[in-house]
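Asks: Following this message is one structure expressed as structure tokens.
The values are calculated or read from the model by the stated rules, or taken from the named source; none is laboratory data. Bear in mind the structure is a predicted one, so any value in this text is a computation, not a measurement. Here the Cβ positions follow ideal geometry from the backbone for every residue, glycine too, while neighbour counts run over all protein chains shown.
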Amino acid sequence: MRNAGLGGWPARRALMTPDRTAFVFADRPVTYAEVHERTTRLASRLRAAGVRAGDRVAYLGRNHLALVETMFASHLLGAIFVPLNFRLAAPEITYMLDHSGAEVLVYAPECTEIVRALPGTTAPLRLIVALGAPGPGERHYETWLQEGEPTAIDTPVRLEDTALILYTSGTTGRPKGAMLTHGNLVWNCFNLLSGVDVTSEEVTLISAPLFHVAALDQTLLPTFLKGGRSVITPSWDVEECYDIMEKHGVTWMFGVTTMFAAFARSPRWIGADLSSLRHLMAGGAAVPAALIRTYQERGLVFCQGYGLTETAPGATFLEADQSVRKVGSAGVPVFFANVRVVRPDGTDAAAGQPGEVLIQGPNVTPGYWRDPEATTAAFTDGDWFRSGDVAVLDEEGHLYVMDRLKDMYISGGENVYPAEVEAALFEHPAIAETAVLGVPDAEWGEVGRAFVVLRPGASVTPDELRAFLRPRLAKYKIPRYFDLTDDLPKTASGKILKPRLRDLPPPDTGPSTSPAPL
């Protein structure tokens, strides 16, 4: 087989385990043999439509079997797959289609309104395929796929060829299209499998959005590689998650902090049978130690890692046997990657000293699509990728992520990392979610503003929260302002959108009562 990339995976798996279930979607099991046949038929239709190696094929919609099939079919032809965030507005989707130069768009019914709002000049889009009722000039996905030929396709694809363009959330300015090669994805799987005992009997819950790098690359692809079973749901729902775990015996799932916090808040948390779960894996943002302990006290192995879209995504990982001793750590560098923490002058920071995280390895992006300036700015010392994250290494080489460089604020000359404050707030029994950011202050330059979501039925005052934090944080780290809110804005992957919080009207800035920095 000349296809060394992901496009060859369905054929290879179909040879090894044709009758084993690869996916479950909408309660329908799909075997590896069926995945191979369907992706081959779809690839033949794409090829007949003119798709060739290097062309871009986009998908817009919630998690669906068609997303996975479109990805593998694109890779079978050497084309580049572009999964899009279904929560974005039509102008944002238009930008990504134009910027990527996508020639094909496959979309789900829930995105019909967005697709109808796309300008007719979106170029060079020339084929639109609908999972639901097709519009004028569009093709119906299932009918179109079944018309394809099942004859084997073997396009030469190299590991260094681009496999994915994943657009960053675009919370500041235009989003960048991070390119990931087939080699990036393969090496990420190797890194993941060296740290997690994924088996062929794995039952992996895929409920985080698959346009997000972690759900796709950190759970679905390793499970497929091992011949396990992925249960795909359209979106994250706490009650559905409990039901699926009971019905399918889920052994492994990935989530972000907000997902795991909601799961533990459910009334079903205490009595649910979670005995099938072998691994719970978190990423996307620093996880408060209090939340990790909540899962550990339930007897569950809760591990977290650290990474970025640009590192495919794994950069560090905390293995299961260290999850109690090193609670709160993002672990050590993954097997086939190197990680440094550096001072502003580029020299390595001492143990316990904050610095920017740099990553090097075969899982690191070659750069950003059609953006040489951003690519150049993202690397230092040759091939070390600049994460933009602040962390410390302890004496044993374990990484503790503190915050984004851009989220840090300075109060009275002292650096404040909001993630540290958020972790302390999260220990309060009344708090379900929180986000902290810096706001201007005439006396101290900046002070903290905390947005707090309370648990159902709970109540707390700002003064009570300040009193709670005093024995836990230095005075200058304690927020001056507390906003009690019903919800926090989030991305589709569950990350809190701090830029939207910054856009809110400023708090009442009366006479300053903020504590003097120590």
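Asks: Out of curiosity, is Phe224 over 26 Å from Phe190 (Cα atoms) and not in a loop (DSSP other than H, G, I, E, B)? Steps first, please.
Replies: Details: over 26 Å from Phe190 (Cα atoms): no; not in a loop (DSSP other than H, G, I, E, B): yes.
So Phe224 fails the test.
Asks: Shifting gears a bit: Taking the criterion of being over 27 Å from Lys247 (Cβ atoms) and not assigned by TED's automatic domain parsing to the domain that holds Glu240, would at least one residue in the range 23-40 satisfy it?
Replies: Checked the range 23-40: at least one residue is over 27 Å from Lys247 (Cβ atoms) and not assigned by TED's automatic domain parsing to the domain that holds Glu240.
Asks: Mind listing whichever residues of the range 403-418 are surrounded by fewer than 23 Cβ atoms within 10 Å (Cβ to Cβ) and of a type in the set (A, V, I, L, M, F, W, C)?
Replies: Within the range 403-418, Leu405, Met408, Ile410 meet the criteria.
Asks: Taking into account only those residues within the range 349-397 that are assigned to a strand (DSSP E or B) and touching a helix residue (DSSP H, G or I) at 6+ places or on another chain (Cβ under 7 Å), which is nearest to Asn415 (Cα to Cα)?
Replies: Looking at residues that are assigned to a strand (DSSP E or B) and touching a helix residue (DSSP H, G or I) at 6+ places or on another chain (Cβ under 7 Å), I get Arg386.
Asks: Of these, Arg41, Arg20, which one is farther than 12 Å from Val68 by Cα, in contact with a Pro (Cβ under 9 Å, 6 or more places away or on another chain) and surrounded by fewer than 22 Cβ atoms within 10 Å (Cβ to Cβ)?
Replies: Only one candidate qualifies: Arg41.
Asks: Looking only at the range 404-431, which residues are among the aliphatic types (A, V, I, L, M) and assigned to a helix (DSSP H, G or I)?
Replies: Matches in the range 404-431: Ala419, Val421, Ala423, Ala424, Leu425.
Asks: Arg386 is checked against (1) closer than 24 Å to His182 by Cα; (2) modelled with pLDDT of 95 or more; (3) crowded, with 20+ Cβ neighbours inside 10 Å and fails just one. What number does that condition carry?
Replies: Going through the list (1) closer than 24 Å to His182 by Cα; (2) modelled with pLDDT of 95 or more; (3) crowded, with 20+ Cβ neighbours inside 10 Å, Arg386 breaks only (3).
Asks: Restricting the search to the range 187-213, which residues are in a helix (DSSP H, G or I) and either within 18 Å of Val332 (Cα to Cα) or touching a Cys at 6+ places or on another chain (Cβ under 7 Å) (or both)?
Replies: Trp187, Asn188, Cys189, Phe190, Asn191, Leu192, Leu193, Ser194, Gly195
Asks: Next question, about the same structure. Of the residues Glu142, Glu201, only one is assigned by TED's automatic domain parsing to the domain that holds Ala102 and of a type in the set (D, E, K, R); which?
Replies: Going through Glu142, Glu201 in turn, the sole match is Glu142.
Asks: Let me ask something else about it. Are any residues in the range 120-147 surrounded by 11 or more Cβ atoms within 10 Å (Cβ to Cβ) and within 21 Å of Ser100 (Cα to Cα), and if so, which ones?
Replies: Passing the criteria: Thr122, Ala123, Pro124, Leu125, Arg126, Leu127, Ile128, Val129, Ala130, Glu138.
Asks: Taking Ala152 as meeting all but one of (1) more than 26 Å from Leu185 (Cα to Cα); (2) more than 23 Å from the chain's Cα centre (by Cα); (3) surrounded by fewer than 18 Cβ atoms within 10 Å (Cβ to Cβ); (4) hydrophobic (A, V, I, L, M, F, W, C), write down the number of the exception.
Replies: Here Ala152 meets the rest and fails (1).
Asks: Right, Val57: in a strand (DSSP E or B), more than 23 Å from Trp236 (Cα to Cα) and either modelled with pLDDT under 95 or outside the structural domain of Ser230 (by TED's automatic domain parsing) (or both) or not? Give the derivation first.
Replies: Numbers: in a strand (DSSP E or B): yes; more than 23 Å from Trp236 (Cα to Cα): yes; either modelled with pLDDT under 95 or outside the structural domain of Ser230 (by TED's automatic domain parsing) (or both): yes.
Criteria met by Val57.
Asks: Across the range 31-63, what is the total count of residues that are over 13 Å from Ser74 (Cβ atoms) and of a type in the set (Lys, Arg)?
Replies: Residues flagged as over 13 Å from Ser74 (Cβ atoms) and of a type in the set (Lys, Arg) within the range 31-63 amount to 3.
Asks: Looking at the range 83-153, what helices (runs of 4 or more DSSP H) fall wholly within it and have at least 2 residues that are polar (S, T, N, Q)?
Replies: Ranges flagged: 90-100, 141-146.
Asks: Would you be able to tell me the number of residues in the range 300-348 that are of a type in the set (S, T, N, Q), crowded, with 18+ Cβ neighbours inside 10 Å and either on the phi > 0 side of the Ramachandran plot or not in a loop (DSSP other than H, G, I, E, B) (or both)? Full working, then the answer.
Replies: Step one: of the range 300-348, the residues of a type in the set (S, T, N, Q) are 304, 309, 311, 316, 322-323, 329, 338, 347.
Add one more test, that the residue is crowded, with 18+ Cβ neighbours inside 10 Å, and what stays is 304, 309, 311, 316, 323, 329.
Still in the running and either on the phi > 0 side of the Ramachandran plot or not in a loop (DSSP other than H, G, I, E, B) (or both): 304, 309, 311, 316.
The qualifying residues number 4.
Asks: Let me ask something else. What about Ala264, is it more than 30 Å from Thr21 (Cα to Cα) and outside the structural domain of Leu497 (by TED's automatic domain parsing)? Lay out the reasoning, then the answer.
Replies: On the way: more than 30 Å from Thr21 (Cα to Cα): no; outside the structural domain of Leu497 (by TED's automatic domain parsing): yes.
It is false that Ala264 is more than 30 Å from Thr21 (Cα to Cα) and outside the structural domain of Leu497 (by TED's automatic domain parsing).
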